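Any read-out appearing in this document is the output of simple, stated calculations on the displayed coordinates, not a laboratory observation. What you see is a predicted model, and the numbers here were worked out from it, not measured in a lab. Note that we place each Cβ from the backbone using ideal geometry, even for glycine, and neighbour counts take in every protein chain shown.
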Amino acid sequence: MSPAINRQLYLHQRPSGVPGQEHIRLREVPVPRVESGEVLLENIYLSMDPAIRGWMSEKVSYTAPLALGETIRGSTLGKVVDSGHPDFCVGDYAVGIACNGWEDYTLADPTQIYKVDAEIDFPLSHYLSIYSAVGLTPYFGMLDVGRPRPGDTVLISAAAGTVGSLAGQIARLAGCKVVGIAGSDEKCRWLVDELGFDGAINYRSNLDLTAAIAAACPNGVDIFFDNVGGAILDAALMNLNNFARVVFCGAIAQYNTEAPVPGPYNYWQILARNVTVQGFLALNYRDRFPEAIQKIEAWIAAGDLVFHEDVVEGLENTVSVFSRLFSGQHKGKLLVKIR
């Protein structure tokens, strides 16, 4: 018997700051009927990603902003419960990157989702974390954009997040000295003691972040993997070596701002030190995903790569879980398990 009710979280009001219940509301609608060429997914996991906050505003981004009344869009892993497409059968599991709704059931475009094997010896959630954009982003960002060399000093912002923690470990495997920036002493200890970082800086307890980076990186910074922007970027720019590379992965410090953000004040260092700054999207490397996943699997099997999932149950808890991305109250990949 087909389900009758579909719970959805939709954009009721554009947020100013961190989104809350007044901005994202829950509604119940009928489960959509499947037509020819369509696939109905019962979502199991929702991926909490900072970029979704940007889609809630009208700012120009790499994907269209959410319209008021539209179901919040993100990455999900689900099970096929009805199919009108020959490539997908009932019982298949599939992932959609940045294209499925925060809802119980998504009527999915078969060209935007891909099947995954459920007969595996690791948790199904890994397909939405380490073997999805979360793992592929630091892989290509560090190796292709950062171009690490043995002996380089690598600085990572938001280093206790999934992308930052993996980027740092990949740099360590490439023979680099790695220093992370995080928001608590506990996270800094985790980076050093468990992930093998050479050093870590608690930005909340360092009023002079420029000096703190200089102390942790006495030979300067060759690669800055930037997930944050803002004041942390400014401090990092003052510590770059000649011909350093800045990997622009995200700007979480700006996602909840509505007014224009000044700076970076130290932008001139890019010229003075012959620095290369490059932004990138993991989707640009889609044809190389199998290569990256194979390498990541080998690192995990060898014990060379450690990652953490922070999973909270219940669709009704999604908004409060999402807000944790911006308060730093999580460690590793943040997921919601719907049921």
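Once you charge only the Cβ atoms, +1 for Lys and Arg and -1 for Asp and Glu, what is the size of the charge dipole of the stretch 133-283 about its Cα centre, to the nearest 20 debye?
300
Per-residue ellipticity at 222 nm for the chain, helices alone: DSSP H runs ≥ 4 residues times -39500 (n - 2.57), over residue total, nearest 500 deg cm²/dmol? Please report the intermediate quantities before stating the final value.
Working: 9 runs with 77 residues, N = 339.
One gets -6500 deg cm²/dmol as the mean residue ellipticity at 222 nm.
Going 7 Å from the Cα of Ala118 toward and past its Cβ, which residues in the stretch 53-94 have a backbone nitrogen under 15 Å from where you end up?
From the stretch 53-94, the list is 77-83, 88-94.
Check the straight Cα-Cα distances from Lys59 and name the aspartates and glutamates below 18 Å, setting aside those fewer than 8 residues away within the same chain.
Qualifying aspartates and glutamates at Cα under 18 Å: Asp49, Glu70, Glu258.
Pulled fully out, how much extra length does the chain show between Arg324 and Glu297, if you take 0.36 nm times their separation in residues and subtract their Cα-Cα distance?
Numbers: separation 27, 0.36 × 27 = 9.72 nm, distance 2.83 nm.
Residue separation times 0.36 nm, minus the Cα-Cα distance, leaves 6.9 nm.
Round to the nearest 10 and give me the degree value, 0 to 90, for the angle of helix 289-301's Cα axis relative to the longest principal axis of the chain.
Roughly 70 degrees, rounded to the nearest 10.
For the residue pair Ile5 and Arg25, what label-to-label distance in nm results when each label sits 7 Å from Cα along the Cα-to-beta-carbon direction?
Taking the simple label geometry, Ile5 and Arg25 are separated by 1.7 nm.
Which pairs break 27 Å Cα to Cα here: Lys177/Lys333; Lys115/Lys333; Lys187/Lys337; Lys79/Lys333; Lys115/Lys187; Lys115/Lys337?
Cα-Cα > 27 Å for Lys115/Lys187; rest within.
Subtract the Cα-Cα distance of Glu186 and Met238 from 0.36 nm times their separation in residues, and report this length gain in nm to one decimal. Please list the in-between numbers first.
On the way: separation 52, 0.36 × 52 = 18.72 nm, distance 2.65 nm.
This chain segment gains 16.1 nm when fully extended.
For the stretch 7-81 and the stretch 161-230, what is the centre-to-centre distance using only Cα atoms, to the nearest Å?
33
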